[in-house]
Amino acid sequence: MSRIIMLIPTGTSVGLTSVSLGVIRAMERKGVRLSVFKPIAQPRAGGDAPDQT
């Protein structure tokens, strides 16, 4: 059975990438097969330019 875990930041510069990498590493150590996806661009409120994260 597949499951989805979505990590969502509560704001900017909260360290979500570091936490995500830690979760991924812990799951890999337990032998969990997983796939990872990080959006490369997100629309910003009030602007047309993509997020540069």
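The values are calculated or read from the model by the stated rules, or taken from the named source; none is laboratory data. Worth saying up front: this structure is predicted, and the values here are computed from it rather than measured. Cβ coordinates were reconstructed from backbone atoms using ideal geometry, including for glycine residues, and neighbour counts include every protein chain displayed.
Things to note:
- Members of segment 14-53 found to be polar (S, T, N, Q), assigned to a loop (DSSP other than H, G, I, E, B) and modelled with pLDDT of 90 or more, listed by number: Ser35
- All positions within segment 1-14 that are surrounded by 10 or more Cβ atoms within 10 Å (Cβ to Cβ) and either touching a strand residue (DSSP E or B) at 6+ places or on another chain (Cβ under 9 Å) or of a type outside the set (A, V, I, L, M, F, W, C) (or both): Pro9
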